[in-house]
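The values are calculated or read from the model by the stated rules, or taken from the named source; none is laboratory data. Note that the coordinates shown come from a computational prediction; the quantities given were computed from them, not determined experimentally. With ideal geometry, Cβ positions are generated from the backbone for all residues, glycine too; neighbour counts draw on all protein chains shown. These area figures cover heavy atoms from the full protein model, side chains too; ligands, DNA and RNA do not enter into them. Shrake-Rupley method; radii C 1.70, N 1.55, O 1.52, S 1.80 Å.
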Amino acid sequence: MELFQSWTNEEGARRACERFESRFGRAPQAVWAAPGRVNIIGEHTDYNQGFCLPIALPHRTFVAYASRDDDVVNVVSGKSHVWTGALADVKPGMKRSWANYGAGPAWALGVECGFEAAFESCVPVGAGLSSSAAIECAIACALVPPASDEDRHSIVRAAIATENEVAGAPTGGMDQTISMFGQPGHALLIDTRDWALKQVPLDLAAHGLEILVIDTRATHSLGDGQYAKRRAACEEAARELGLASLRDAEEADLGRLSGELLRRARHVVTENERVLATVELLRAGRPEEIGALLSASHASLRDDYEVSVAELDVACEAAEGAGALGARMTGGGFGGSAIALIEAGAQDRVVDAVRGAYAQRGFGEPGFLAATPANRAERVS
């Protein structure tokens with residue numbers, strides 16, 4: 001069985017430097033890397049001032065960077081994705097492309113000189129593993145290298161502004177926060193009301209467990225309006241309840257809502273409860289018990305929040321049928337990836353079950369990767 005493999009920092013830096021030198025004819029000044037993420041639990045809570053519990057992946061985006069002494073911006077990703085323009089062109093309203101992420105942070109950070117950057121990444125694109133935030137954070141660090149945690153928070157804010165205003169995706173800040181603050185061997189409990197961060201030990205291997213990520217290969221996009229509709233419904237539900245956000249809602253409040261607003265709010269309220277319950281189990285050294293919470297999260301995302309798709313549902317059902325302790329979609333939904341909590345040694349069995357279920361339904365071939373908590377954005381060369 002072949003998994004999506006991550007690169008070492010040395011390999012990623014080499015690839016980015018080679019791309020930079022072949023495109024721009026000079027050596028870069030620095031290479032930075034920022035990770036993608038898997039959210040263990042806490043979906044669509046970040047823009048509701050709630051809780052989430054992601055990990056940084058070992059799969060990272062690498063950017064080789066050098067400044068210019070004029071206002072020209074040249075960015076390249078892979079062999080064919082090239083964008084060239086003036087610094088003044090990098091702003092909200094610019095034509096939508098990958099450069100919204102690869103150059104957009106320059107606008108959010110108030111950068112005043114041009115630059116050149118070459119990106120190479122082993123974060124699967126379109127898999128719901130936050131490849132966009134990895135791009136944003138990598139280039140933001142290269143543009144304004146962080147020297148403190150407060151600097152890292154500033155980059156998070158700039159990357160969120162990039163995502164919301166330049167890329168036009170009204171996401172919260174979970175993805176950028178874990179990319180800038182992840183630690184090996186830990187999940188990160190994020191309270192998105194005040195952005196308080198707490199590291200939560202997550203050593204699944206010590207308990208004979210692992211997390212398998214299933215890339216459904218279903219089309220995944222947060223810029224098609226569905227994400228924005230969910231966010232607007234949550235804001236409307238909070239207004240009807242007379243609350244600043246759904247973070248303040250309790251299950252007893254839900255009886256005052258109906259229809260779509262009830263379903264959306266019920267997911268947010270119960271998902272926050274599941275995040276905190278998961279943290280308690282992990283801190284108590286009982287990670288094998290979080291499986292039921294993962295499965296309950298998926299059911300809520302499927303039925304109340306309505307962001308799942310058939311490929312995600314089949315992946316979760318097949319994984320659980322093959323012995324996974326729990327499974328759920330991860331990320332914004334409408335495609336992307338699912339995660340399954342499995343026993344060590346069960347990987348082949350679960351992969352075969354998911355592949356078989358996909359073939360039976362006529363779906364395309366899924367992809368897989370192993371998720372272990374990895375390090376935050378850092379300079380690698």
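Taking segment 56-97 as the range and being surrounded by fewer than 21 Cβ atoms within 10 Å (Cβ to Cβ) and of a type in the set (Phe, Trp, Tyr) as the test, only 83 passes. Kindly indicate whether any position in segment 53-62 is closer than 23 Å to residue 106 by Cβ and of a type outside the set (S, T, N, Q). Within segment 53-62, one or more residues are closer than 23 Å to residue 106 by Cβ and of a type outside the set (S, T, N, Q).
When 171, 162 are checked against the criterion of being of a type in the set (S, T, N, Q), in a helix (DSSP H, G or I) and crowded, with 19+ Cβ neighbours inside 10 Å, 162 stands alone in meeting it.
Can you find a residue that is more than 29 Å from residue 328 (Cβ to Cβ), open to solvent by less than 50 Å² (accessible area, probe 1.4 Å) and charged (D, E, K, R) anywhere in segment 129-137? So far as segment 129-137 goes, no, none of its residues is more than 29 Å from residue 328 (Cβ to Cβ), open to solvent by less than 50 Å² (accessible area, probe 1.4 Å) and charged (D, E, K, R). In segment 138-159, the qualifying residues are those that are of a type in the set (Val, Ile, Thr) and surrounded by 22 or more Cβ atoms within 10 Å (Cβ to Cβ), and the one that is farthest from residue 54 (Cα to Cα) is 139. Entry remark, segment 287-323: residues being in a loop (DSSP other than H, G, I, E, B), free of Cβ contacts under 8 Å to residues at least 40 places away in the same chain and either among the aromatic types (Phe, Trp, Tyr) or in contact with an Asp or Glu (Cβ under 9 Å, 6 or more places away or on another chain) (or both) number 2 in total. Considering only segment 302-321, I want to know if a residue exists there that is under 13 Å from residue 43 (Cα atoms), open to solvent by less than 10 Å² (accessible area, probe 1.4 Å) and out of contact with any Pro (no Cβ under 9 Å at 6 or more places or on another chain). Yes, there is a match, as at least one residue in segment 302-321 is under 13 Å from residue 43 (Cα atoms), open to solvent by less than 10 Å² (accessible area, probe 1.4 Å) and out of contact with any Pro (no Cβ under 9 Å at 6 or more places or on another chain). The residue that is farthest from residue 45 (Cα to Cα), counting only those in segment 263-286 that are open to solvent by 40 Å² or more (accessible area, probe 1.4 Å) and either among the acidic types (Asp, Glu) or assigned to a helix (DSSP H, G or I) (or both), is 283. With respect to (1) assigned to a helix (DSSP H, G or I); (2) modelled with pLDDT under 95; (3) of a type outside the set (Ser, Thr, Tyr), the lone exception for residue 222 is condition (1). Residues in segment 94-117 that are outside any loop (DSSP other than H, G, I, E, B) and in contact with a helix residue (DSSP H, G or I) (Cβ under 8 Å, 6 or more places away or on another chain): 100, 101, 102, 104, 105, 106, 107, 108, 109, 115, 116, 117.
Of all residues in segment 99-127, those satisfying the criterion of being small (Gly, Ala, Ser) and open to solvent by 10 Å² or more (accessible area, probe 1.4 Å) are 108, 110, 121, 126.
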